[in-house]
Amino acid sequence: MPTATRFDLKQSDIPTHWYNILPDYPEPLPPPLHPGTKKPAGLSDMTAIFPENLVLQEMSGEAQIEIPEPVREVYSLWRPTPLLRAVRLERALQTPAHIYYKYEGVSPAGSHKPNTAVPQAYYNKLAGTKRLATETGAGQWGASLAMACKIFGMECVVYMVKVSYHQKPYRKMMMQTWGATVHPSPSDHTAFGRKVLKETPDTPGSLGIAISEAIEDTVHTPNTKYALGSVLNHVCMHQTVIGLEAIKQMELAGEFPDVVIGCVGGGSNFAGIGFPFAELKMKHGKKLRILAVEPDACASLTKGELRYDFGDTGQTTPLMMMHTLGADFIPPKIHAGGLRYHGMAPTVSHLLKLGVIEAKAYGQTKVFEAAMQFAQTEGIIPAPEPAHAIRAAIDEAIQAREEGKKKVILFNLCGHGMLDLTSYEAFLGGTLADV
Ligand SMILES: Cc1ncc(COP(=O)(O)O)c(C=O)c1O
């Protein structure tokens, strides 16, 4: 019998509920604060830009939140996603470790982002929103929201970080194919964008700037709400379908991970794979490590401070207790555009503070070496963001070899890199450097 390498679930196994980590923390999560009063932000502070149904979800203390049937129906276009064992990579590394990966690149947009784009569009539609405004880094989130808006019949406008707009033109075309309007950020469509352009005409842009532009657009355009692709509690919660499926699939494989790994930008895919395992660790005493991997060039968890900070550069969002490099930090132009965010989800930051998770950072050349090794053994060309998780998974497997220990490793391959090939071209041409 060949070694089993693929562990599939049926459509009926798509989770019926998302897992909300908030009630399970041993210490409560510090609340977001109103930027003016510095008092905990209330419902009315948030409903200027988000629909009430999503704000209630953001603050919910329920551990299980039912996934509406129309959302599960759209999920079934690509969920449940496969869980695979990377046996060829294991052989190449000559490691006794077993390496598993959950593959979210099978979604229509090519990443995990539709897991939250679809419910966000659905709840906005229920609330009567006609148009959604958002930011995007590498374009994965913007493409996902463009698709979800089209499915539920809403307009979508996307402020795409300028460096990615030029590095990743095909994602812009995907958004346009799904009917969205896309502006390179900073843009001259908003007062904040114009201010940044005036002060720093050559800026590569950043997620923090693009968020400010999307919020300004929301506040000034009728029937428009704002949607965020990461960071917030409800966004991280929507992603938990990943980990909930993975737990069942690891049972099919007859193993339990010693270490679960995810890359972190704003924290959502890491939350997706990690939070359901964190529940097993915090509430059921399961022994495992949960590892967040970030770029050296934008290392909020390993180099940032844990403090209240703004989610955007224009300082318009509520203050969140999070690991941050400062709301005005402009990350270097690394190819993992989705990881160029100054802050980290409060829910992820809190887990690091409580010692439930660990964090590690890598420079992009070592990350691309790992991405190449994965592509050449397993076939899938990973997006630069999850290549950070692959780097850490490979290093864990090498350590297992050196120690002569069996180890079960699970990582989230949260997107394919078919539209990131210019990054591979730079790596192959020797022009990709650590910054
Ligand atoms: C493929 C991919 N992975 C990871 C991320 C980082 O975001 P998050 O930390 O919310 O998963 C992005 C963001 O755009 C992305 O496109």
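The values are calculated or read from the model by the stated rules, or taken from the named source; none is laboratory data. Not measured: the values here are computed from a predicted model. All Cβ positions, even for glycine, are placed from backbone atoms using ideal geometry, and neighbour counts span all protein chains on display.
In the range 29-48, of all residues being in contact with a helix residue (DSSP H, G or I) (Cβ under 8 Å, 6 or more places away or on another chain) and modelled with pLDDT of 95 or more, the one that is farthest from VAL348 (Cα to Cα) corresponds to PRO32. Taking TYR424 as the residue in question, decide whether it is aromatic (Phe, Trp, Tyr), in contact (Cβ under 8 Å) with a residue 12 or more places away in the chain and not in a helix (DSSP H, G or I). No: the conditions fail for TYR424. Restricting ILE380, ILE394, ILE409, ILE390 to residues that are part of a strand (DSSP E or B) and in contact with a strand residue (DSSP E or B) (Cβ under 9 Å, 6 or more places away or on another chain) narrows the list to ILE409. For the structure I just gave you, tell me whether ILE334 is away from the ligand (no atom under 16 Å from the Cβ), part of a loop (DSSP other than H, G, I, E, B) and closer than 15 Å to VAL435 by Cα. The answer is no for ILE334. Pairing residues of the range 301-317 that are within 22 Å of THR203 (Cα to Cα) with residues that are acidic (Asp, Glu) and crowded, with 23+ Cβ neighbours inside 10 Å, at Cβ distances under 9 Å and at least 6 apart in sequence or on separate chains, gives ASP312/GLU135; ASP312/GLU213; GLY314/GLU213.
Tell me whether the range 139-148 contains one or more residues that are outside any helix (DSSP H, G or I), touching a residue at least 12 places away in the same chain (Cβ under 8 Å) and either in contact with a strand residue (DSSP E or B) (Cβ under 8 Å, 6 or more places away or on another chain) or surrounded by fewer than 24 Cβ atoms within 10 Å (Cβ to Cβ) (or both). Give the derivation first.
Of the range 139-148, the ones outside any helix (DSSP H, G or I) are 139.
With the extra rule that they be touching a residue at least 12 places away in the same chain (Cβ under 8 Å), the set shrinks to 139.
Narrowing the set further to residues that are either in contact with a strand residue (DSSP E or B) (Cβ under 8 Å, 6 or more places away or on another chain) or surrounded by fewer than 24 Cβ atoms within 10 Å (Cβ to Cβ) (or both) leaves 139.
Yes, that holds for at least one residue.
Hey, can you tell me all the residues within the range 206-231 that are in contact with a helix residue (DSSP H, G or I) (Cβ under 7 Å, 6 or more places away or on another chain) and either in a helix (DSSP H, G or I) or at pLDDT below 95 (or both)? If the condition is that a residue be in contact with a helix residue (DSSP H, G or I) (Cβ under 7 Å, 6 or more places away or on another chain) and either in a helix (DSSP H, G or I) or at pLDDT below 95 (or both), then ILE209, SER212, GLU213, GLU216 are the ones that fit. Taken over the range 118-176, the criterion of being under 23 Å from MET46 (Cα atoms), under 18 Å from the mean Cα position of the chain (by Cα) and of a type in the set (D, E, K, R) is satisfied by GLU135 alone. Return yes when GLY343 is touching a helix residue (DSSP H, G or I) at 6+ places or on another chain (Cβ under 7 Å), buried (at least 22 other Cβ atoms within 10 Å of the Cβ), modelled with pLDDT of 95 or more and not hydrophobic (A, V, I, L, M, F, W, C) and no when it is not. In short, yes.
Answer with yes or no whether ASN269 is under 23 Å from PRO114 (Cβ atoms), of a type outside the set (Ser, Thr, Tyr), in contact with a His (Cβ under 6 Å, 6 or more places away or on another chain) and within 16 Å of the ligand (Cβ to nearest atom). Taking the combined requirement at face value, the residue satisfies it. Residues of the range 343-377 that are over 18 Å from VAL260 (Cα atoms) and in a strand (DSSP E or B): GLY343 alone.
Filter the range 87-112 for residues that are among the polar types (S, T, N, Q) and within 22 Å of GLY404 (Cα to Cα); which is surrounded by the most Cβ atoms within 10 Å (Cβ to Cβ)?
It comes out as THR95.
Can you tell me how many residues in the range 92-124 are at negative phi and either without any contact (Cβ under 8 Å) to a residue 24 or more places away in the chain or in a loop (DSSP other than H, G, I, E, B) (or both)?
Residues in the range 92-124 being at negative phi and either without any contact (Cβ under 8 Å) to a residue 24 or more places away in the chain or in a loop (DSSP other than H, G, I, E, B) (or both): 11 in total.
The set of residues in the range 151-167 being crowded, with 19+ Cβ neighbours inside 10 Å and among the charged types (D, E, K, R) consists of LYS162 alone.
Entry remark, the range 184-199: residues being outside any helix (DSSP H, G or I) and either surrounded by 22 or more Cβ atoms within 10 Å (Cβ to Cβ) or out of contact with any strand residue (DSSP E or B) (no Cβ under 7 Å at 6 or more places or on another chain) (or both) number 5 in total. Only one entry of GLU305, GLU245 meets the criterion of being surrounded by 24 or more Cβ atoms within 10 Å (Cβ to Cβ) and on the phi < 0 side of the Ramachandran plot, and that entry is GLU245. Might you let me know whether the range 364-376 holds any residue that is within 30 Å of PRO26 (Cα to Cα), among the hydroxyl-bearing types (Ser, Thr, Tyr) and either within 16 Å of the ligand (Cβ to nearest atom) or out of contact with any Gly (no Cβ under 7 Å at 6 or more places or on another chain) (or both)? The answer is no, given that none of the residues of the range 364-376 is within 30 Å of PRO26 (Cα to Cα), among the hydroxyl-bearing types (Ser, Thr, Tyr) and either within 16 Å of the ligand (Cβ to nearest atom) or out of contact with any Gly (no Cβ under 7 Å at 6 or more places or on another chain) (or both). For the range 125-138, the candidate set comprises residues that are over 24 Å from HIS183 (Cα atoms) and part of a loop (DSSP other than H, G, I, E, B); within that set, the residue that is farthest from the ligand (Cβ to nearest atom) is GLY128. Just give me the residues in the range 17-55 being assigned to a loop (DSSP other than H, G, I, E, B), among the hydroxyl-bearing types (Ser, Thr, Tyr) and surrounded by 13 or more Cβ atoms within 10 Å (Cβ to Cβ), in sequence order. Passing the criteria: TYR25, THR47. Can GLY338 be described as within 18 Å of the chain's Cα centre (by Cα) and modelled with pLDDT under 95? Yes.
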